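Read-outs: derived from the displayed coordinates by stated rules, not from any lab. The shown structure was predicted, so the numbers you read here are calculated from the model rather than taken from an experiment. Glycine gets a Cβ as well: all are built from the backbone with ideal geometry, and neighbour counts include every protein chain shown.
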Amino acid sequence: MDDPQPPTHTDPSISAPTHVLEPVVVEARNLYLAFGANQVLEDISFEVREGDALAIVGVSGVGKSTILKLILRLLVPDSGQVIIDGEDINQLTFEEVLKVRQKMGMVFQASALFDSLSVFENVAFPLREHFQLTEAEVAERVETALGMVDLSLEELGYRLPAELSGGQKKRVGIARAIAHQPKILLYDEPTTGLDPVTGRTIVRLIQRLERELEVTSVVVSHDMRAVLAVSTHIAMLGDCRIIFYGTPEEIAASDNPHVREFVE
Amino acid sequence: MGRLVALLEFYVKRAVLGVQEYTVLTVKAMRYILARPFYWRDTLQQMDRIGVGSLGIVLLTGLFTGMVLALQSSIEMRRFGATIYIGRLVGASAVRELGPVLTALMVAGRVGAGMAAQLGSMKVTEQIDALNVLGVDPIKKLVTPRLLAALIMLPILTIITDTVAIFGGMLIAVVKLDLTADLYMRSVYQTLADSGFVFQIIPKDVLAGLIKPIFFGGIIAMTGCYFGLQTRGGTEGVGVSTTRAVVTASILILAVDYFLTQVLISILIE
């Protein structure tokens, strides 16, 4: 049996198939930011395509979380642009920014659950704010979101955040972030402060969400094991700039001494 | 010398910036009262906390203030045989001044501190950021319901304080000064009627005494929320914000009371 030959095109009007790039969902262009005399970010540029997961790594205090705040426009850069789904968010009014933020979900380092609300009410919060849903629909979507992070509504739904463990809080934070089905998920140090076992569980959870929800993710972390597991691209910050940008394989093979020091 | 000037410049700039931020926050919070979505549940919850929650201290404040007013003034008035006018003194003092101001100071201590502490701890635990990220304006969700609740509840609490203070004065008048309740209440009514009526129903003194708490309610809510949202530096920062909120609100209440009194006298009385 002959080996199949690759098809040849004889008709010049038929072009060779090309790889179609997914649209850019999050883009930073030449961002500069200083707090007083303290320069934090200098000429930061990157783009994240739909379905990709960008990890921003670097030592503590280098400005990783600041980039997340710029993406959310909780901070405004001194110069440069942040483009979310085609919109330069620094040109928008506050009300317009609130609408853009509805496309995003954020998992905070310390979960940032509303401590006066139960787990159910925390997860239901974005649904009640932005959608005209009946209580039954809200309950169904809360149950689904909690189910995706392996939590039971019956067991934990009516507990207050103070009654949860660190890992449970993190999961509820993720459930709240995905409840309104955002396009973009942002994670701020998702494994920090957790024991190694719970940390690995959260990493597996993030991988599963990326697969099942097909969201675009930006993960800020200094946990290289987690970063290598969840990201498609990695940007390493150092001296206010991006000193390395590449895939997890490229960072693992990099001979840049700063990168090697961090990876090892 | 140069360092002193620089330091002075720094503090002046910070104070001016603070006033500007406070004003912007107040304007935004007031504008949102009429803007959708309305957070009625949050507003009712705050009305319950401010109104029902403060009822105990307001009742005690009113009762003892009225009693001590009657007791102290009776010493001087007895010398002139004027104890029958105790009702006038207690009524005028309570309705015009002590009711509104003492209610506001007590609520500032209790509710203003609570607002600063709650919003402060939400700030340091990133809950305010979480609201922003979830596409909800924290001013609309947190500040406006507190402002609206304070604007509604402070006049109601003041009416309660005034009433209880007058009742407290009556207790002393009847038990200690051998006046009849009827005589005392006539005396109270007379002093309120002397100031004249608005729309032939509301005594001007009562109206003036109810305009003040609206301003005081605004001061308490906005100062508590402002310092809460300005909190930095973890739990220690929450403590600092709480103290600043109570001190600033108390001073503002007393200062604004003076200027309001001037304005109200010139509009209603003169």
Worksheet entry | Added length on full extension, which subtracts the Cα-Cα distance from 0.36 nm per residue, B:Q20 to B:I265 | 85.2 nm
Worksheet item: Distance in nm between label sites at A:L92 and B:E76, each 7 Å beyond Cα in the beta-carbon direction?
Response: 6.5 nm
Worksheet item: How would you order A:113-120, B:218-225 from highest to lowest mean count of nearby Cβ atoms within 10 Å?
Response: B:218-225, A:113-120
Worksheet, complete the sentence: Rg from C-alpha atoms of the protein assembly as shown, normalised by the globular rule of thumb 2.2 N^0.38 Å, equals 1.30
Discussion item. Set the bar at 22 Å for Cα to Cα. Now go through A:K69/A:K183; A:K170/B:K123; A:K99/A:K169 and name every pair that lies beyond it.
Written reply: A:K99/A:K169
Practice prompt. Report the full-extension gain for the segment A:R260 to A:Q132: residue separation times 0.36 nm, less the Cα-Cα distance, to one decimal in nm.
Written response: 41.0 nm
Worksheet entry | Neighbouring partner chain Cβ atoms per residue of A:106-115, average, 10 Å criterion | 5
Discussion item. Angle check, please: helix A:135-148 long axis (alpha carbons) against the longest principal axis of chain A (alpha carbons), in degrees 0 to 90, nearest 10.
Written reply: 60 degrees
Worksheet, complete the sentence: Restricting to Cα pairs under 8 Å and 6 or more apart, the percent relative contact order of chain A works out to 24 percent
Worksheet, complete the sentence: Counting only DSSP beta bridges with both partners in the protein assembly as shown, the antiparallel fraction in percent, to the nearest 5, comes to 55 percent
Discussion item. If packing is taken as the average number of other Cβ atoms within 10 Å across a peptide's residues, how do B:108-118, B:5-15, B:23-33 rank, most packed first?
Written reply: B:108-118, B:23-33, B:5-15
Worksheet item: Helix B:181-194 versus the longest principal axis of chain B: what is the Cα-based angle in degrees, 0 to 90, to the nearest 10?
Response: 60 degrees
Item to complete: At 0.36 nm per residue, minus the direct Cα-Cα distance, what do B:Q45 and B:R31 gain on full extension? Give it in nm, one decimal, please.
Response: 3.0 nm
Fill in: Distance (nanometres) between label positions extended 7 Å along Cα→Cβ at A:Q181 and B:Q200
6.5 nm
Discussion item. I'd like the distance between the alpha-carbon centres of segment A:160-221 and segment B:51-85, rounded to an integer number of Å.
Written reply: 60 Å
Practice prompt. Give me the distance in nm between label points sitting 7 Å out from Cα along the Cα-to-Cβ direction at A:N38 and B:K176, one decimal.
Written response: 5.9 nm
